[in-house]
Amino acid sequence: MSPAPAIVDSRTRLLDLLVRGGAQYRLLSHAPQGRTDLASALRGHRLEQAAKSLVIRVALSRKRRRYVIAVVPGDRRVDLAALNALYAGAEASFAVRGVAEQLTGCVSGSIMPLSFDPEVEVVADPALFDHEEIFFNTGRLDESVALRTECYRALVTPRVAAIAAPA
């Protein structure tokens, strides 16, 4: 499967989830941007309202690994040691780009804070829920969604754990 259809599929699945779930959201078109700080400026919101999402590989043993989508406020960074401890892993690291894109169906820089793969758990830092609304790309670099935080939490039901550290 080529990357483009997977990306379209992820966006379509996201919008379907939002509509079926009765979510309160807005779509925002903007210049292509994958950096959280620059995308936040284009979208016109505070950096801490961005849902920065990264695919993390947690090595559970020499041969076993687990991938998770770590979601932290845009003004923070993912605490790999905290994620490693959360999964009792041997080591946590950022997934290689190709694996992250394959698992999420999103181009790097536009990974959504949710998963359509039942093997990929979403872990959100509790600070993400300090805001009424969060912002994130729709799997594309030129489109984002502004979503009521309560809707995100209800639709995605992420695992909530302290996984953010100061930037």
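The values are calculated or read from the model by the stated rules, or taken from the named source; none is laboratory data. Treat the numbers as computed from the prediction; the structure is a model and nothing was measured. All Cβ positions, even for glycine, are placed from backbone atoms using ideal geometry, and neighbour counts span all protein chains on display. Each accessible area value is taken on the protein alone, full model and side chains, heavy atoms only, with ligands, DNA and RNA left out. Shrake-Rupley method; radii C 1.70, N 1.55, O 1.52, S 1.80 Å.
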One residue from Asp117, Asp79 being among the charged types (D, E, K, R), touching a residue at least 12 places away in the same chain (Cβ under 8 Å), touching a Leu at 6+ places or on another chain (Cβ under 8 Å) and open to solvent by less than 60 Å² (accessible area, probe 1.4 Å) = Asp117
Is there a residue being in contact with a Cys (Cβ under 8 Å, 6 or more places away or on another chain), polar (S, T, N, Q), part of a helix (DSSP H, G or I) and over 24 Å from Asp130 (Cα atoms) anywhere in segment 5-18?
-> yes
Of Val107, Val120, Val99, which residue is modelled with pLDDT under 95 and on the phi < 0 side of the Ramachandran plot?
-> Val107
Name every residue in segment 13-64 that is modelled with pLDDT of 95 or more, among the polar types (S, T, N, Q) and surrounded by fewer than 19 Cβ atoms within 10 Å (Cβ to Cβ), in order of residue number.
-> Gln24, Ser29
Every residue from segment 97-134 that is among the polar types (S, T, N, Q) and over 21 Å from Gln33 (Cβ atoms) = Gln102, Ser115
When segment 44-84 is examined, which residues are found to be touching a helix residue (DSSP H, G or I) at 6+ places or on another chain (Cβ under 8 Å) and over 25 Å from Leu147 (Cβ atoms)?
-> Arg57, Val58
